[in-house]
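Peer 1: Below is a structure I'd like to ask you about.
The values are calculated or read from the model by the stated rules, or taken from the named source; none is laboratory data. Every value quoted in this text rests on a predicted model; they were computed, and no experiment measured them. Using ideal geometry, Cβ is built from the backbone for each residue, glycine included, and neighbour counts are taken over all protein chains shown. The accessibility values were calculated without ligands, DNA or RNA, using every heavy atom of the protein model including side chains. Shrake-Rupley method; radii C 1.70, N 1.55, O 1.52, S 1.80 Å.
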Amino acid sequence: MRKIRIFAFGGNEVSPVGLKDPKTGKAINPDIAMQWQRTADTCRLVADIFEKHPEDLYVLTHGNGPQVGNVLMRAEMCRPDLPPLPLDVCVADTQGAMAFMLAQLNNELNIRGIDNVVTGIVTQVVVNKDDPDFKSPSKYIGPSYSREESGRRIEENGWAMKLYKKDDTGAEIWRRVVPSPVPVDIVEIDAIEAMLEKGIVPITVGGGGIPVREVAPEIKDGKEVYTCNYGVKFSRPANSGSKPLKMYTGVEAVIDKDLASALLGCMLMKRARARGREVEVSLTIFTGEDGAKLNYQKPDQRDLRVIKASELEAIYTRIPPPFPAGSMGPKIKAAIEFMKGGGTVAYISKTDLFEETLAGKAGTTVLPG
């Protein structure tokens with residue numbers, strides 16, 4: 001039976017976090033050289049996995065919180081000389097740049113004599129235009145700020161900002177938040193499957209995918225008219241017997257990459273089985289923590305090592321919510337949704353603890369049931 005492993009990397013796997021200027025104590029925004037080194041470290045760990053499991057197929061996905069925040073910051077700093085960039089375009093920018101960086105996995109595999117091709121695919125992910133997150137943004141992007149710095153950003157830039165977490169010293173870390181609607185479809189799913197059939201490792205749904213919505217047609221003067229962003233229109237002769245075309249246009253949002261990765265896994269399974277092919281798909285969400293924890297950063301903190309999806313869902317739906325909405329919460333939700341969609345197994349772990357997680361000695365393993 002064919003096995004597909006989906007590896008969902010956080011934006012932090014490409015950009016180091018927690019760096020501070022030793023003199024001022026302020027957070028350091030990593031430059032390209034720092035990001036490249038961090039990505040190289042990640043690729044070495046991934047190549048280790050490829051070596052130990054050469055019979056499996058792989059799909060790589062990634063977040064882009066730090067990177068898309070930087071793109072937005074540069075755009076803000078260049079005003080009014082350059083026009084602002086919408087979030088969908090920012091996500092597309094980061095997809096290309098980060099896929100370029102992650103594709104250096106090719107070099108790491110080549111040096112080990114592993115014959116795999118890793119390549120990025122610009123991916124659009126469909127969302128509902130009426131998703132409630134457009135009214136109450138929850139997705140963290142960009143660098144970290146102190147409470148005082150975040151207050152200035154709210155006042156000067158009009159950003160929405162929320163408390164992210166506390167550092168090891170108990171100091172508050174604040175970050176910008178933007179809408180994060182639930183993904184419902186992947187436009188380039190055929191291309192992703194074609195790559196897998198050829199043995200190519202696709203880097204896809206980067207940053208959760210470029211958020212787009214379906215465009216409903218209007219009938220005007222005997223024509224079926226699709227109106228997209230910026231006044232761009234497409235039309236064809238109206239025919240009462242024809243179905244509307246699948247047409248898309250971008251929306252201002254950043255989709256959670258874990259939920260998009262779970263959707264991708266469910267779609268790959270469903271489409272394979274519709275063709276009469278059995279496939280096992282696992283989802284591994286790599287993060288900066290050694291798995292999910294109850295009572296995080298409290299004296300009674302407890303690791304969740306191996307747990308059934310139904311048991312995890314019962315914990316996830318408690319009031320008050322036990323997992324933060326902008327960090328571990330979406331990872332837990334993604335694992336649950338993936339297992340509900342027929343997933344074989346889901347893991348939440350650190351990249352360097354993958355093998356220990358498979359053995360149940362690290363990370364969090366979510367099983368069917």
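Peer 1: Out of (1) under 17 Å from PRO181 (Cβ atoms); (2) in contact (Cβ under 8 Å) with a residue 12 or more places away in the chain, what's the single condition that is false for ARG147?
Peer 2: (1)
Peer 1: Which of the helices (runs of 4 or more DSSP H) found entirely inside the range 34-145 contain at least 3 residues meeting this: more than 24 Å from PHE354 (Cα to Cα) and small (Gly, Ala, Ser)?
Peer 2: Passing ranges, in order: 87-102.
Peer 1: Filtering the range 290-312 down to residues that are open to solvent by 50 Å² or more (accessible area, probe 1.4 Å) and charged (D, E, K, R), which residue is farthest from the chain's Cα centre (by Cα)?
Peer 2: ASP300
Peer 1: Residue by residue through the range 2-31, note down the ones that are at pLDDT below 85, under 21 Å from the mean Cα position of the chain (by Cα) and more than 22 Å from GLY291 (Cα to Cα).
Peer 2: Listed by number, the list holds a single entry, ASN29.
Peer 1: VAL232 - would you say it is aliphatic (A, V, I, L, M), open to solvent by 50 Å² or more (accessible area, probe 1.4 Å) and either at pLDDT 95 or above or over 29 Å from LEU45 (Cα atoms) (or both)?
Peer 2: Against the criterion (aliphatic (A, V, I, L, M), open to solvent by 50 Å² or more (accessible area, probe 1.4 Å) and either at pLDDT 95 or above or over 29 Å from LEU45 (Cα atoms) (or both)), VAL232 qualifies.
Peer 1: Kindly indicate the residue of the range 12-33 that is without any contact (Cβ under 8 Å) to a residue 60 or more places away in the chain and assigned to a helix (DSSP H, G or I) and also surrounded by the fewest Cβ atoms within 10 Å (Cβ to Cβ) among those meeting that condition.
Peer 2: Of everything passing the filter in the range 12-33, ALA33 is surrounded by the fewest Cβ atoms within 10 Å (Cβ to Cβ).
Peer 1: Would you point out the residue of the range 168-187, among those that are surrounded by 14 or more Cβ atoms within 10 Å (Cβ to Cβ) and assigned to a loop (DSSP other than H, G, I, E, B), that is modelled with the highest pLDDT?
Peer 2: Among them, the one singled out is VAL187.
Peer 1: How many residues are of a type in the set (A, V, I, L, M, F, W, C) and surrounded by fewer than 21 Cβ atoms within 10 Å (Cβ to Cβ) if we restrict to the range 196-214? Please lay out each step first, then the result.
Peer 2: Kept after step one, since they are of a type in the set (A, V, I, L, M, F, W, C), are these residues of the range 196-214: 196, 200-201, 203, 205, 210, 212.
Restricting the remaining residues to those that are surrounded by fewer than 21 Cβ atoms within 10 Å (Cβ to Cβ) gives 196, 200.
Within the range 196-214, residues that are of a type in the set (A, V, I, L, M, F, W, C) and surrounded by fewer than 21 Cβ atoms within 10 Å (Cβ to Cβ) number 2.
Peer 1: Residue check: is ASP190 surrounded by 15 or more Cβ atoms within 10 Å (Cβ to Cβ) and not in a loop (DSSP other than H, G, I, E, B)?
Peer 2: In short, no.
Peer 1: Kindly check whether there is at least one residue in the range 117-140 that is touching a Ser or Thr at 6+ places or on another chain (Cβ under 8 Å) and among the hydrophobic types (A, V, I, L, M, F, W, C).
Peer 2: To start, the set of residues in the range 117-140 that are touching a Ser or Thr at 6+ places or on another chain (Cβ under 8 Å) comprises 120-121, 123, 133, 137-140.
With the extra rule that they be among the hydrophobic types (A, V, I, L, M, F, W, C), the set shrinks to 121.
Looking through the range 117-140, at least one residue is touching a Ser or Thr at 6+ places or on another chain (Cβ under 8 Å) and among the hydrophobic types (A, V, I, L, M, F, W, C).
Peer 1: Please enumerate the residues belonging to the range 327-364 that are under 18 Å from HIS62 (Cα atoms), at pLDDT 95 or above and in contact with a Lys or Arg (Cβ under 8 Å, 6 or more places away or on another chain).
Peer 2: Passing the criteria: only ILE348.
Peer 1: Only one of (1) loosely packed, with under 13 Cβ neighbours inside 10 Å; (2) modelled with pLDDT under 95 is not met by VAL279, so which one is it?
Peer 2: Of everything listed in (1) loosely packed, with under 13 Cβ neighbours inside 10 Å; (2) modelled with pLDDT under 95, VAL279 misses just condition (1).
Peer 1: Being in contact (Cβ under 8 Å) with a residue 24 or more places away in the chain and acidic (Asp, Glu) is the filter here; which residues of the range 72-89 pass it?
Peer 2: Let us first name the residues in the range 72-89 that are in contact (Cβ under 8 Å) with a residue 24 or more places away in the chain, namely 72-73, 76, 86-89.
GLU76, ASP88, listed by residue number.
Peer 1: So, one more: Does PRO217 fit the bill of being in contact with an Asp or Glu (Cβ under 7 Å, 6 or more places away or on another chain) and closer than 22 Å to PRO66 by Cα?
Peer 2: Considered against the rule, which asks whether it is in contact with an Asp or Glu (Cβ under 7 Å, 6 or more places away or on another chain) and closer than 22 Å to PRO66 by Cα, PRO217 comes out as no.
Peer 1: Could you list all residues from the range 108-121 that are without any contact (Cβ under 8 Å) to a residue 24 or more places away in the chain and of a type outside the set (A, V, I, L, M)?
Peer 2: Those that are without any contact (Cβ under 8 Å) to a residue 24 or more places away in the chain and of a type outside the set (A, V, I, L, M): ASN110, GLY113, ASP115.
Peer 1: Moving on to the next point. Taking the range 57-89, which residues are over 20 Å from ILE28 (Cα atoms) and open to solvent by less than 10 Å² (accessible area, probe 1.4 Å)? So that I can check it myself, show each step before the final result.
Peer 2: Step one: of the range 57-89, the residues over 20 Å from ILE28 (Cα atoms) are 57-62, 78-89.
Scanning the range 57-89 gives TYR58, VAL59, LEU60, THR61, HIS62.
Peer 1: Which number in (1) in contact (Cβ under 8 Å) with a residue 24 or more places away in the chain; (2) open to solvent by less than 40 Å² (accessible area, probe 1.4 Å) marks the one condition that TRP159 misses?
Peer 2: Going through the list (1) in contact (Cβ under 8 Å) with a residue 24 or more places away in the chain; (2) open to solvent by less than 40 Å² (accessible area, probe 1.4 Å), TRP159 breaks only (1).
Peer 1: Let me ask you something else. Any residue at all in the range 51-58 that is under 24 Å from ILE255 (Cα atoms), at pLDDT 95 or above and among the aromatic types (Phe, Trp, Tyr)?
Peer 2: First, pick out the residues of the range 51-58 that are under 24 Å from ILE255 (Cα atoms): 58.
With at pLDDT 95 or above added as a condition, the list becomes 58.
Going one step further and asking which of them are among the aromatic types (Phe, Trp, Tyr), we end up with 58.
There is at least one residue in the range 51-58 that is under 24 Å from ILE255 (Cα atoms), at pLDDT 95 or above and among the aromatic types (Phe, Trp, Tyr).
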